[in-house]
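Student: Take this structure, written in structure tokens, and hold onto it; I'll ask about it next.
Nothing in this text is a laboratory measurement; each read-out follows from the coordinates by a stated rule. Small disclaimer: the values here were computed from a predicted structure and weren't measured. Glycine gets a Cβ as well: all are built from the backbone with ideal geometry, and neighbour counts include every protein chain shown.
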Amino acid sequence: MMKDFHHDAYQTRDLIWSLQSTPRLVDFTFAVRDDECRELATEVIDTFTQTVVPCYPNMQRGLLHGDFNEQNIIVRPKPGTVDHAQPEYQVAGFIDFGDSHRSYYVFELAVLIAHVMLKNGGIGLIEVGGHVIAGYFSVKPLSDLEFDLLKVCVASRYTQALVMSEYTYTQVDPGNQYLLTTGKTGWPQLKRLWSTPKEEIKATWKAIMNTYT
């Protein structure tokens, strides 16, 4: 969609909400009040820095939307299903390009997976990623290396959202309980995601992806 779009402003745009800024989160982890959660966040950040950053030269890069989530994706019923009891839907467009920036395509997918996991109500936490990846890969496949890094990237998006929410709550807008909403489900989900072996997650995702071929 934005592959051929270019503007000079994107050459220097720097966002804390870019997954590429994950290593900078170490400056905000002090705001996480729970010791176990703070240690987990630090471990995820360190792992990203040690395993993802060195791979940048071998990762696909381009212009990203930056905030794919259920509030920014517009869908419409597929033709012929409008009158069904449960219509099938397809993506019709996207809104809110306020976080758009140049970075690595795998980060776009990781952000989407993390948001779908957070809002998922009927599919297993790990399993939901396979469905999202299948849809994304039908349009833009990623390399084996990028697929291998997905778990860390998804966990980093969780960490980014959770740490920055804690920071904003304690340092910027104390008392705003809404800022802690994500943490109620986000921290337990991050703990489960992080404790599940990478190869197990990849096998689950691949098995689900194969059901779409």
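Student: Going from the alpha-carbon gyration tensor of the range 76-176, what semi-axes, largest first and in whole Å, does one get by taking the root of 5 times each eigenvalue? Could the numbers behind the result be given before it?
Tutor: Numbers: eigenvalues 155, 79, 44 Å².
The equivalent ellipsoid of the range 76-176 has semi-axes of 28, 20, 15 Å.
Student: Still on this structure: In degrees between 0 and 90, to the nearest 10, how far off the longest principal axis of the chain does helix 181-195 point, with axes built from Cα atoms?
Tutor: Computed tilt is about 90 degrees.
Student: Still on this structure: Enter the mean projected area of the convex hull around the alpha-carbon atoms of the chain, in nm², rounded to one decimal.
Tutor: The orientation-averaged projected area of the Cα hull of the chain comes to 13.3 nm².
Student: Turning to a different aspect of this structure: Helix 198-210 versus the longest principal axis of the chain: what angle, 0 to 90°, nearest 10, using Cα atoms?
Tutor: That works out to roughly 20 degrees.
Student: If I take every Cα pair under 8 Å that is 6 or more residues apart in the range 8-210, average their sequence separation and divide by the length, what percent do I get for the relative contact order?
Tutor: Dividing the mean separation by the residue count of the range 8-210 yields 26 percent.
Student: Could you list 55, 37, 153 in order of exposure, starting from the residue whose Cβ has the fewest other Cβ atoms within 10 Å?
Tutor: Fewest to most other Cβ atoms nearby, the residues stand as 55, 37, 153.
Student: Next up: Based on the Cβ-Cβ distance from residue 26 to residue 137, what FRET efficiency comes out when R0 is 45 Å, to the nearest 0.05?
Tutor: Details: r = 32 Å, r/R0 = 0.72.
According to the calculation, E is roughly 0.90.
Student: Report the Cα-based extents of the range 117-213 along its three principal axes, largest first, to the nearest Å.
Tutor: For the range 117-213, the Cα spread along each principal axis is 49, 28, 26 Å.
Student: Going by how many other beta carbons lie within 10 Å of each one, how would you line up 28, 107, fewest first?
Tutor: Result, fewest neighbours first: 28, 107.
Student: In debye to the nearest 20, how big a dipole does the chain give about its Cα centre with +1 on each Lys and Arg Cβ and -1 on each Asp and Glu Cβ? Before the final figure, lay out the partial values.
Tutor: Details: 19 positive and 25 negative charges, 70 e Å.
Approximately 340 debye in magnitude.
Student: Cut-off is 10 Å between beta-carbons; in what order do 151, 140 appear when sorted fewest neighbours first?
Tutor: If I rank by nearby Cβ atoms, fewest first, I get 140, 151.
Student: Let me ask something additional. Can you tell me the orientation of helix 144-167 relative to the chain, as the angle in degrees between its alpha-carbon axis and the longest Cα principal axis, to the nearest 10?
Tutor: Roughly 50 degrees between the two axes.
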